[in-house]
Amino acid sequence: MLKLLSMKRKFTFIAVIITLILTLLPACDARETGSLKALTKPYIAHYECYEGSFGGEDLMEKFDYVEIILQDKENLLLSYKFKDGEKQKVESKYKFNNETHEMTADIGIFGFRFKESVIVENGKFTVSKPIGTKQLIMKFKTK
């Protein structure tokens, strides 16, 4: 009788453990695995342009959106859409220095090649580049 009671306790204990595991496991959402990437490579993200100008003229009035998506540790996708236009995508490569937080990309767009380096701080960066006699300024933040 004592052995049977001990077996029931063990069985109950194992059932409680299994129930806890099955209850807590779904709480470990796939989004939590993203936090590992956020800790090891936090710069790999989806950035949206929230302010842009060219020679003092507001560029964002001409676009529905301008986005830079860092797909992995070396590939990026520039995605934009002119108002009343079609979506456009440009693939490119970039490098990121973990010590200085400097990101350097070489992008071909509108028939020109642009190589630019920016510092990514707190999920934000600014592209500032002279083109001819005008200054292009585009500010990005994580989406």
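Got a sec? Which residues in segment 77-112 would a label at Lys143 touch, if it sits 7 Å along Cα→Cβ and we count backbone N under 14 Å? Only 77-82, 87-90 fall inside the zone, counting backbone N under 14 Å. The stretch between Lys93 and Asn75 holds 6.0 nm of extra length on full extension. This uses 0.36 nm per residue minus the Cα-Cα distance.
Counting only residues at least eight positions apart within a chain, or on another chain, the aspartates and glutamates with an alpha carbon under 12 Å from that of Lys134 are Glu57. In straight-distance terms, cross-link reach from Lys89 covers every one of the aspartates and glutamates whose alpha-carbon lies under 20 Å from its own, apart from those fewer than eight places away in the same chain; here that gives Glu48, Glu51, Glu61, Asp64, Glu67, Asp72, Glu74, Asp106, Glu116. Measuring between alpha carbons in the structure, the pairs from Lys95/Lys143; Lys87/Lys139; Lys83/Lys143; Lys95/Lys124; Lys93/Lys124; Lys83/Lys124 lying more than 22 angstrom apart are Lys83/Lys124. With 0.36 nm allotted per residue and the present C-alpha distance subtracted, the Ile119-Tyr65 stretch has 17.3 nm of extension available. Per-peptide packing, taken as the mean over residues of other Cβ atoms within 10 Å, places 47-57, 84-94 in the sequence 47-57, 84-94 from highest down. Distances between every pair of Cα atoms in segment 41-121, grouped in 10 Å steps from 0 to the bin holding the largest one, split as 16, 48, 31, 5, 0 percent.
Laboratory data are not the source of any read-out in this text; all were calculated from the coordinates shown. Computed from a predicted model, the values in this text were never measured in an experiment. Positions of Cβ are backbone-derived with ideal geometry, glycine not excepted, and every protein chain shown enters the neighbour counts.
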